[in-house]
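> Mind looking over this structure? Questions follow.
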Amino acid sequence: GELAQLVLDAKQFLAEKESTYKLYKVVLESLHGLGLLSAMKRCLDTIQDETDTVSISEFNHLINDQVMDQPAPFIYERLGNRYQHFLIDEFQDTSVLQWFNLLPLIDESLARAGFCLVVGDGKQSIYRFRGAKVEQFSKLPEIFIEPGTIKDEHSIFMLDQRESVLKTNFKIDPLNDNWRSYPAIVNTNNDLFRHLAETGQQANADVYSDVHQHVKKDEREGLVVFASIEGDKKDVSDPNHLTQLGNW
């Protein structure tokens with residue numbers, strides 16, 4: 001009976017402390033890197049204090065604090081007197097914070113019959129580590145908000161108002177003609193993305209739908225080969241380790 005109680009106590013202890021243990025284990029493995037980052041952060045803070053400067057990432061947060069809840073922020077009101085039209089390129093890599101900071105300016109521009117153009121390709125979204133969300137692009141004209149990130153009712157109200165302005169002025173203009181790439185590349189992309197859209201197994205499957213492009217360059221021979229590395233093999237120079245999935 002005493003041994004059984006010890007076992008039960010041990011199981012309860014593990015259940016309560018397992019997450020903490022895993023966290024400490026991960027931190028311990030990265031301890032030197034975290035220490036280096038902390039030292040670099042202190043150096044950066046010192047330099048910014050001495051030069052009276054602010055990093056762009058921190059600046060985005062400072063702007064957001066000022067413009068999130070205001071219908072016509074002063075800084076955008078001043079900018080709006082100089083700029084009536086806006087172009088945002090590579091929109092799929094615009095961070096959520098940057099987009100929220102731009103919304104009041106775009107809202108004001110559209111209210112004054114201005115023209116705002118966003119250009120992007122959801123399939124090329126690679127900056128999620130920097131705060132970009134492909135859903136922000138794929139779900140336009142809706143304003144994508146991750147659940148639980150914004151709880152203030154006034155902020156949600158302001159975003160709803162700006163979303164209604166986007167919906168009123170929204171128009172999609174797909175670029176279906178490819179003037180840059182040769183047929184082998186364009187046809188490969190068309191087949192690949194059609195396959196991804198049909199399977200729908202990956203996240204944001206809607207990004208891969210309706211992306212067929214027409215070839216505009218002259219015909220030229222070419223070859224595209226897809227290959228997968230089987231298992232944990234790292235030597236890709238050995239053709240026996242490669243499985244050809246298709247070629248165009």
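The values are calculated or read from the model by the stated rules, or taken from the named source; none is laboratory data. These numbers come from a predicted model, not from an experiment. All Cβ positions, even for glycine, are placed from backbone atoms using ideal geometry, and neighbour counts span all protein chains on display. Please note that ligands, DNA and RNA were not included when accessible areas were found on the heavy atoms of the full protein model with its side chains. Shrake-Rupley method; radii C 1.70, N 1.55, O 1.52, S 1.80 Å.
> What number of residues in the range 101-122 are in a loop (DSSP other than H, G, I, E, B) and under 18 Å from residue 173 (Cα atoms)?
Let us first name the residues in the range 101-122 that are in a loop (DSSP other than H, G, I, E, B), namely 112-115, 119-121.
Imposing the further condition that a residue be under 18 Å from residue 173 (Cα atoms) reduces the set to 114-115, 119-121.
Total meeting the criteria: 5.
> State which residue is most open to solvent (accessible area, probe 1.4 Å) when the search covers only the range 71-114 and only residues that are among the aromatic types (Phe, Trp, Tyr) and modelled with pLDDT of 85 or more. Walk me through how you get there before you give the answer.
If we filter the range 71-114 for residues that are among the aromatic types (Phe, Trp, Tyr), which is where we start, we get 74, 76, 83, 86, 91, 99-100.
Remaining after also requiring modelled with pLDDT of 85 or more: 86, 91, 99-100.
On the way: 86: 42, 91: 2, 99: 6, 100: 17 Å².
Per the criteria, the residue is 86.
> Kindly indicate which of 142, 153 is modelled with pLDDT under 85, among the acidic types (Asp, Glu), out of contact with any His (no Cβ under 9 Å at 6 or more places or on another chain) and open to solvent by 40 Å² or more (accessible area, probe 1.4 Å). Break it down stepwise before answering.
Numbers: 142 fails: modelled with pLDDT under 85.
Criteria check complete, one pass: 153.
> If we keep just the residues of the range 115-139 that are within 21 Å of residue 176 (Cα to Cα) and among the small types (Gly, Ala, Ser), which is modelled with the highest pLDDT?
Here the answer is 120.
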